[in-house]
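> Submitted below is the structure of interest, expressed as structure tokens.
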Amino acid sequence: MPRGSHKQVHQKNLAAALNNCAFVSTEDIDKDLTLPFEFLMDATMLGVGVGFDCKGAGKLTILVGIKAWRDAQGPDRNQEQVYVIEDSREGWVHSVGALLQSYFGSEGTLLPTLRFDYSHIRKAGEVLKTYGGKSSGPGPLMELHKALSACLDKEVGQKLSSTVITDVFNLIGKCVIGIGNIRAAEIAFGEEGDEAFLDLKDYEKNPHRAAYGWTSNNSVFARIGMDYTKIAEHITKSGEPGLAWLENMRHYGRMGDPRNDKDIKVKGGNPCLEQSLESYELC
């Protein structure tokens, strides 16, 4: 991960406890792969609902999978790196960032695969003084690491897709909910013509997503005059995806007012979509 990214995540979330929702774009994922995912995980662990887009699709290639790497290494895994996870929100978040980075390398160079050490995380049932309630133990995080690895292992050699981007965000949301005492709200925004995105909640085509696809509402960035036929078919079947007219958000503060372009930098919205937002903006 580029130096300073961890600091960026938490600087962006300093005010999160005072805000209900946020949005993050993956448009610059080729410049900082892990920042959008860490931002969402950090924010949702603070009770902030987060929207995200899939504009980073196609910008990176998944270089190596943990399973394939370990199979190739056999019993001699001298390049395997032990990653000790701190017992904190930041520790959980950074471990996810490190896992994701290991699949994409750094500046074209492959990174050692990771073996996580969960021993510093407090045991299940211990009192949480900050969050309230009791600790879930490392179980939800272990499950998340396993699920992310399974998701990415089968995509080695492929370009990062809108499906994988949404899967990663959704799996993070499921983990956060599993911690207890936290609700994680998400909304995913896809592009017109991305049929894979339209199928995300078709659990006949994607039965594995039924376990975590529910963690986000899904909407398509719509365009005036576009063909709504396929979207309407999906809405009829599953109620989603919804429609969001991004250009309207950018050009009009309120639809009853003349065009003013006051929100021209808006890139999405919060999970209930009553507020348009710039990337990393909180509302």
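> Looking at region 85-108 only, could you name the residues that are of a type outside the set (Ser, Thr, Tyr), part of a loop (DSSP other than H, G, I, E, B) and within 28 Å of residue 123 (Cβ to Cβ)?
Within region 85-108, 85, 86, 87 qualify.
> Taking the condition of being outside any helix (DSSP H, G or I) and either modelled with pLDDT of 95 or more or not basic (Lys, Arg) (or both), how many residues in region 145-163 meet it?
Residues that pass the stated criteria total 7.
> Take residue 55 and tell me if it is among the basic types (Lys, Arg) and either modelled with pLDDT under 95 or within 19 Å of residue 140 (Cβ to Cβ) (or both).
It is false that residue 55 is among the basic types (Lys, Arg) and either modelled with pLDDT under 95 or within 19 Å of residue 140 (Cβ to Cβ) (or both).
> Pairs, please: C-beta under 8 Å, at least 6 apart or cross-chain, first residue in contact (Cβ under 8 Å) with a residue 12 or more places away in the chain and crowded, with 17+ Cβ neighbours inside 10 Å and in region 137-160, second hydroxyl-bearing (Ser, Thr, Tyr) and not in a loop (DSSP other than H, G, I, E, B)?
141/95; 145/95; 152/103; 160/61
> Based on this model, can you work out whether residue 136 counts as closer than 18 Å to residue 174 by Cα and at pLDDT below 90?
The answer is yes for residue 136.
> Quick one: in region 84-102, which of the residues that are closer than 24 Å to residue 165 by Cα and open to solvent by 40 Å² or more (accessible area, probe 1.4 Å) is modelled with the highest pLDDT?
If we take residues in region 84-102 being closer than 24 Å to residue 165 by Cα and open to solvent by 40 Å² or more (accessible area, probe 1.4 Å), then 90 is modelled with the highest pLDDT.
The values are calculated or read from the model by the stated rules, or taken from the named source; none is laboratory data. Fair warning: this is a prediction, and the values are worked out from it, not measured in the lab. Glycine also receives a Cβ, built like all others from the backbone with ideal geometry; neighbour counts cover every protein chain displayed. Side chains included, ligands, DNA and RNA excluded: accessible areas come from the protein's heavy atoms. Shrake-Rupley method; radii C 1.70, N 1.55, O 1.52, S 1.80 Å.
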